[in-house]
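Undergrad: Handing you a structure now.
The values are calculated or read from the model by the stated rules, or taken from the named source; none is laboratory data. If you're wondering where the values come from, they're calculated on a predicted model, not measured in any experiment. So basically every Cβ, Gly included, is an ideal-geometry build from the backbone, and we count neighbours across all protein chains shown.
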Amino acid sequence: MNLKIALLAGDGIGPEVLSQAVKCLQAVEETFNHNFVYREAPVGAIAIDKHGDPLPEKTLNLCEEADAVLFGAIGDPKYDNNPDAKVRPEQGLLKLRKELGLFANIRPVKVFPKLLKNSPLKPEIISGTDFTIYRELTGGIYFGEKKINAEGTEASDLCSYTEKEISRIAHLAFKAAKNRKNKLTLVDKANVLESSRLWRKVVSKIGESYPEVKLEYMFVDNAAMQIILNPSQFDVILTENMFGDIISDEGSVIGGSIGLLASASVGTDSAMFEPIHGSYPQAKGQDIANPIASILSAAMLLEHFKLFEEAMAVREAVDKSLKKGIVTPDLDSKSQYGTNHVGDFIAENIVDSDDDFNMNDENIDLGKSTII
Ligand SMILES: NC(=O)c1ccc[n+]([C@@H]2O[C@H](COP(=O)([O-])OP(=O)(O)OC[C@H]3O[C@@H](n4cnc5c(N)ncnc54)[C@H](O)[C@@H]3O)[C@@H](O)[C@H]2O)c1
Ligand SMILES: CC(C)[C@H](C(=O)O)[C@@H](O)C(=O)O
Ligand SMILES: [Mg+2]
């Protein structure tokens, strides 16, 4: 298959982790005889430094012309620590999502058996965790009207949703639940927020078209607790933009590190693949960041184009690195291995299972995601 892939490395650890994902895609090209063309473009703080704009027009054009975008991370303390900054790296990411129409952000949360003891939570509580968050990505409080009064003493962000914005992601989430364990939990704050009550109305109506899917509702404060207390009760979680952002970082605790959690952001015409973590500025250039979230985001990219064997080969190589303890320090504080070494190991272990993979060889956790 020929694919044009836009590479947006961004800031902090973004470039380091993204280049491990690219190594893996190149290994896939070689092993499975594909031809991917990569084009790099600046985004985030680095794009502000170079062009005065966190999403230069050239970057957006490149993404629009590409078949898919592979994103690193954006963000820099010089903006995080300056509430008065007029231009911010995050605006680049938000604009990109909006312009590409990436309304659904799919974040799988799964525990690798090998890492059961890495989690701060008890193994008996987290084993069997396998849920996917469908986070609405181009609406809600992130995109509502922002105001600050002239004195700078009062500010507001509007949380607004339309029926259309809710229903398009709800259909995706119901279809995903149908292909999984037939359960969908809508996470909201319908006891307080008008926008959440609209979510409930729209989602319950759509639910009538998916009678096999058990629809449940949960308030977000309770959901934040249940994800930690009993994560295996969840199958597909559907939620609005900000709640999805927060509960997915929380979900990453279950698996032992946020450096493992990948995501796909999809719309009708475009798709972007990005780790859920940020630019982790403290680790920039230190070769300690976990590249697996970025590598698994590349696996989701392959699945998006129905390259399932190829994606599986990447997942199996990741699994092998975890089994052999070839991991970064977030997963093993005594580890001698860095970002690059882990990336090399995973890329080198991408093989065509038709050639030499023995299913009984190792107890492999395939961890297949559920993009449709
Ligand atoms: N998609 C994105 O680009 C994205 C996402 C979240 C945050 N951000 C931005 O990133 C900057 C830093 O934000 P933050 O510190 O709140 O979140 P962060 O995700 O960058 O880091 C939080 C903590 O998670 C851990 N971590 C993150 N990535 C890791 C990795 N690959 N390997 C191992 N450990 C990892 C580290 O312990 C780190 O201290 C901010 O500017 C923020 O706006 C960007
Ligand atoms: C950086 C920020 C705008 C972003 C978000 O909130 O969507 C990040 O936290 C994420 O999870 O991708
Ligand atoms: Mg986030």
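Undergrad: One residue is enough: does the stretch 110-118 have a residue meeting the conditions over 21 Å from D269 (Cα atoms), over 22 Å from the mean Cα position of the chain (by Cα) and not in a helix (DSSP H, G or I)?
TA: yes
Undergrad: Consider the stretch 134-163. How many of its residues are in a strand (DSSP E or B) and in contact with a Phe, Trp or Tyr (Cβ under 9 Å, 6 or more places away or on another chain)?
TA: Counting residues in the stretch 134-163 that are in a strand (DSSP E or B) and in contact with a Phe, Trp or Tyr (Cβ under 9 Å, 6 or more places away or on another chain) gives 3.
Undergrad: Do you know which of the residues in the stretch 73-109 that are part of a loop (DSSP other than H, G, I, E, B) and closer than 21 Å to L172 by Cα is nearest to ligand 3 (Cβ to nearest atom)?
TA: Looking at residues that are part of a loop (DSSP other than H, G, I, E, B) and closer than 21 Å to L172 by Cα, I get L102.
Undergrad: Only residues that are within 22 Å of A283 (Cα to Cα) and more than 16 Å from ligand 3 (Cβ to nearest atom): list them for the stretch 255-272, please. Spell out how you get there, then give the answer.
TA: Taking the stretch 255-272 as the starting set, the residues that turn out to be within 22 Å of A283 (Cα to Cα) are 255-263.
The answer is G256, and nothing else.
Undergrad: With the structure loaded, tell me whether S270 is touching a Gly at 6+ places or on another chain (Cβ under 7 Å) and either at negative phi or at pLDDT 95 or above (or both) or whether it fails that test.
TA: When the stated conditions are applied, S270 passes them.
Undergrad: Select, from D330, D355, the only residue that is acidic (D, E) and out of contact with any helix residue (DSSP H, G or I) (no Cβ under 7 Å at 6 or more places or on another chain).
TA: Answer to the check: D355.
Undergrad: For L301, are the conditions met, namely being at pLDDT 95 or above and either within 16 Å of ligand 2 (Cβ to nearest atom) or over 14 Å from the mean Cα position of the chain (by Cα) (or both)?
TA: no
Undergrad: Look through N118, N182, N191 and report the one residue that is over 17 Å from A104 (Cβ atoms), in contact (Cβ under 8 Å) with a residue 24 or more places away in the chain and touching a Phe, Trp or Tyr at 6+ places or on another chain (Cβ under 7 Å).
TA: Unique residue meeting the criteria: N191.
Undergrad: When the residues of the stretch 221-246 are filtered to those that are β-branched (V, I, T) and surrounded by fewer than 21 Cβ atoms within 10 Å (Cβ to Cβ), which remaining residue is nearest to ligand 1 (Cβ to nearest atom)?
TA: Of everything passing the filter in the stretch 221-246, I246 is nearest to ligand 1 (Cβ to nearest atom).
Undergrad: Could you tell me whether S297 is in a helix (DSSP H, G or I), within 27 Å of C63 (Cβ to Cβ) and within 16 Å of ligand 3 (Cβ to nearest atom)?
TA: So S297 fits the description; yes.
Undergrad: To continue, here is another question. Please determine whether any residue of the stretch 31-44 is more than 30 Å from S353 (Cβ to Cβ) and within 16 Å of ligand 2 (Cβ to nearest atom).
TA: Within the stretch 31-44 (the criterion being more than 30 Å from S353 (Cβ to Cβ) and within 16 Å of ligand 2 (Cβ to nearest atom)), the answer is yes, since at least one residue qualifies.
Undergrad: Do we have Y217 as among the aromatic types (F, W, Y), more than 21 Å from K122 (Cβ to Cβ) and touching a strand residue (DSSP E or B) at 6+ places or on another chain (Cβ under 6 Å) here?
TA: So Y217 passes the test.
Undergrad: Report, by residue number, each residue of the stretch 133-145 that is β-branched (V, I, T) and buried (at least 24 other Cβ atoms within 10 Å of the Cβ). Give the steps one after another, and end with the answer.
TA: We begin by selecting, within the stretch 133-145, every residue β-branched (V, I, T); these are 133, 138, 141.
Matches in the stretch 133-145: I133 only.
Undergrad: I'd like to check something: does the stretch 274-282 contain any residue that is surrounded by fewer than 24 Cβ atoms within 10 Å (Cβ to Cβ), within 14 Å of ligand 1 (Cβ to nearest atom), at pLDDT 95 or above and of a type in the set (F, W, Y)?
TA: There is at least one residue in the stretch 274-282 that is surrounded by fewer than 24 Cβ atoms within 10 Å (Cβ to Cβ), within 14 Å of ligand 1 (Cβ to nearest atom), at pLDDT 95 or above and of a type in the set (F, W, Y).
Undergrad: Any chance the stretch 213-222 includes a residue that's in the same structural domain as K164 (by TED's automatic domain parsing), within 23 Å of the chain's Cα centre (by Cα) and either within 16 Å of ligand 3 (Cβ to nearest atom) or in a loop (DSSP other than H, G, I, E, B) (or both)?
TA: Yes: one or more hits.
Undergrad: Go through the stretch 26-51 and give me each residue that's in a helix (DSSP H, G or I) and under 27 Å from Y79 (Cα atoms).
TA: A45, I46, A47, I48, D49, K50, H51
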